[in-house]
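Below you'll find the structure, written out as structure tokens, and then a few comments.
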Amino acid sequence: MRRKSSKTGFTLVELLVVIGIIAVLISILLPSLSKARAMATRTKCLSNLRQFGTAFTIYLNDNKQWVGFSNWDGGGAGYPNATLGWLYQTPIPNPVPEDRVETGAYWPYLKNREVYRCPTHVKSESASFGSANSDRLTSYLMNGAVNGYGQTDSKGGILYYKIRQFKPDDFLMWEADERGGAAWNDGSSFPAESFNKNDPGAGGLTSRHGTVASVLCFDAHAEWINHKDYYTLATQSIRNQIYCKPDTASGR
């Protein structure tokens with residue numbers, strides 16, 4: 001006898017059950033994937049500053065332990081003894097082309113534009129506030145303390161210091177959210193310029209990574225700092241890791 005063949009398939013109910021199970025699995029996995037992605041971004045951002053720490057160390061060795069120019073220049077050529085900064089050669093055009101970082105003092109040691117920006121620092125942020133000159137180039141700003149926050153000598157030149165005049169754990173650079181003052185007009189910052197306690201949106205440090213942001217210290221190590229801890233340092237009137245200008249009791 002010829003056996004009658006039959007075709008079987010999924011019923012609508014079975015298909016809906018499978019789809020439901022897949023949806024549940026995705027909802028369970030998504031938080032883990034998002035967390036993993038955030039951790040990967042944090043790792044890359046901190047790695048960027050570690051590479052800047054390496055560039056900083058090599059620069060010191062090439063320049064007899066002088067720290068160099070922080071680009072405390074407002075985007076222009078404001079000092080007779082300072083044109084080549086860590087981020088760019090002054091002056092800079094406006095708007096600033098992204099390849100301007102290739103004129104900076106650290107470029108020969110890095111030669112990678114991606115190092116200058118956190119992976120989550122999107123270009124659309126650049127026009128959100130202030131002049132946004134250097135915001136197009138980098139996510140990180142150098143502490144203006146390395147040039148005395150713009151203090152000049154008798155000839156109008158900006159001040160320079162040697163590495164030994166700073167403490168190892170003083171902050172050299174930080175991942176900034178500079179909304180006070182001139183706002184991203186050059187490559188450096190003053191803590192009070194990037195922290196405006198009257199403006200909740202101006203926390204001094206970026207909030208891309210939640211309640212922490214990356215910083216680079218003078219001993220070339222990078223670490224995370226909590227926004228609350230930065231707030232404490234930014235509001236102190238004594239010398240600390242942020243206010244670290246040499247030869248002054250207040251670090252200012």
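Quick note: the coordinates plus some simple rules give every number you see, no bench work behind them. In this text the structure is predicted, and so the values were computed from the model without any measurement. Note that each Cβ is placed from the backbone with ideal geometry, even for glycine, and that neighbours are counted across all protein chains shown.
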Whole-Hz ³J(HN,Hα) for each residue in region 77-84, computed from phi via Karplus 6.51 cos²θ - 1.76 cosθ + 1.60 with θ = phi - 60°, x for glycine and proline: what do you get? 8, x, 10, x, 10, 8, 10, 9
Please give the net charge around Gly251, taking every other residue with its beta carbon less than 11 angstrom from that of Gly251, where Lys and Arg add +1 and Asp and Glu add -1. +2
Leaving out same-chain residues fewer than 8 places away, which aspartates and glutamates sit with a Cα under 14 Å from that of Lys245? Asp169, Asp170
So, counting K/R as plus one and D/E as minus one, what does the shell of residues with Cβ under 13 Å around Gln165 add up to? +3
Starting at the first residue of region 134-144, write each ³J(HN,Hα) from the Karplus equation 6.51 cos²θ - 1.76 cosθ + 1.60 with θ = phi - 60°, in whole Hz, x for Gly and Pro. 6, 4, 7, 9, 8, 9, 10, 10, 8, 5, x
Defining a contact as two alpha carbons under 8 Å apart and six or more residues distant in sequence, what relative contact order in percent does region 47-234 show? 23 percent
One would report the antiparallel percent of DSSP beta bridges in region 47-234, rounded to the nearest 5, as 90 percent
Please enumerate, by chain and number, the aspartates and glutamates with C-alpha under 20 Å from the C-alpha of Lys155, excluding those fewer than 8 residues away in the same chain. Asp73, Asp247
Evaluated at 20 °C with a viscosity of 1.002 mPa s, what Stokes-Einstein diffusion coefficient in µm²/s does region 47-234 have when Rh comes from the Kirkwood expression over alpha-carbon pairs? 131 µm²/s
Pairs over 25 Å Cα to Cα, from Lys167/Lys228; Lys44/Lys228; Lys44/Lys162, come to Lys44/Lys162
Taking the Cβ-Cβ separation of Val24 and Asp247 as r and a Förster radius of 45 Å, what is the calculated FRET efficiency to the nearest 0.05? 0.10
